[in-house]
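The values are calculated or read from the model by the stated rules, or taken from the named source; none is laboratory data. Everything quoted here is computed from the prediction, not taken from an experiment. Cβ atoms come from the backbone with ideal geometry, glycine included; neighbour counts cover every protein chain shown.
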């Protein structure tokens, strides 16, 4: 095995398992004799193994978001380093590039947390949590686009 | 409706969903997704070679690792899968930190001419 799961400490799942995206309500389902709440105490390994196709689809969704985050990082770096400076606004490129890089970083982490939440829901037969990434991405790109438009206008008319 | 098991018992009608009869297609699509991700990492590594050859080479090696990890799709336990996906996340975060540093300290457009 190239990447043994035993490499990770046993407590890993219980630590990160509590970091779920908002919007996912506290589960009332208890499938343990002690009345344990699986949503807050479970690792990803309990419950029942779901249909392999669902696991594959969840994995592909994560990979697609990962490529999106890589594209954001590369785009931000290219803007900061390769774009000619805005006339009169030397810091203008960083105002666009830095948020793109940070957005890519955030998308990468959030997509992993959402993969965990979805996999947990699949294993327990619960409804899939709603993804917040489309909303985050849409709002962030809108804001960055508006900033870019303002910078382009400012450099065109000349900074006062 | 209970989720399909991916196995069609002998003597039953063929399923509407072709994956129902052949769940290997889902695995193949997933392996291709891993390949696309590896290509994305490779492209990023090649671009970084221009700024920082060492970092670029490191990312290129990582893209080979990502490609190799994709071949393991469907064979690992949930814990292994989680570790593999966490590797992607950690790598992307590290790359974004490098990109952030480079965007402020990098050579800029002048030295690329």
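The residue that is surrounded by the most Cβ atoms within 10 Å (Cβ to Cβ), among those in the stretch A:52-90 that are over 21 Å from the mean Cα position of the chain (by Cα) and in contact (Cβ under 8 Å) with a residue 40 or more places away in the chain, is A:86.
The set of residues in the stretch A:99-124 that are over 19 Å from residue B:84 (Cα atoms), surrounded by fewer than 19 Cβ atoms within 10 Å (Cβ to Cβ) and without any contact (Cβ under 8 Å) to a residue 40 or more places away in the chain contains only A:102. Being facing chain B (nearest Cβ under 7 Å) and at pLDDT below 95 is the requirement here; does residue A:82 meet it? Yes.
Before we move on, is residue B:100 in contact with a helix residue (DSSP H, G or I) (Cβ under 7 Å, 6 or more places away or on another chain) and more than 8 Å from chain A (Cβ to nearest Cβ)? No.
Checking the structure you have, find out if any residue of the stretch A:135-157 is within 14 Å of chain B (Cβ to nearest Cβ) and under 10 Å from the mean Cα position of the chain (by Cα). Checking the stretch A:135-157: not a single residue is within 14 Å of chain B (Cβ to nearest Cβ) and under 10 Å from the mean Cα position of the chain (by Cα).
Would it be correct to say that residue A:143 is at pLDDT 95 or above and either touching a helix residue (DSSP H, G or I) at 6+ places or on another chain (Cβ under 9 Å) or surrounded by 16 or more Cβ atoms within 10 Å (Cβ to Cβ) (or both)?
yes
Of the residues making up the stretch A:107-134, those that are within 11 Å of the chain's Cα centre (by Cα) and away from chain B (no Cβ under 14 Å) are A:131, A:132, A:134.
When you scan the stretch A:28-50, do you find a residue that is crowded, with 17+ Cβ neighbours inside 10 Å, within 30 Å of residue A:144 (Cα to Cα) and either more than 7 Å from chain B (Cβ to nearest Cβ) or modelled with pLDDT under 50 (or both), even just one?
First, the residues of the stretch A:28-50 that are crowded, with 17+ Cβ neighbours inside 10 Å: A:38-39, A:42-44, A:47, A:50.
Subset that is within 30 Å of residue A:144 (Cα to Cα): none.
Looking through the stretch A:28-50, none of the residues is crowded, with 17+ Cβ neighbours inside 10 Å, within 30 Å of residue A:144 (Cα to Cα) and either more than 7 Å from chain B (Cβ to nearest Cβ) or modelled with pLDDT under 50 (or both).
The set of residues from the stretch B:31-64 being within 8 Å of another protein chain (Cβ to nearest Cβ) and closer than 16 Å to residue B:94 by Cβ comprises B:37, B:40, B:41, B:44, B:47, B:51.
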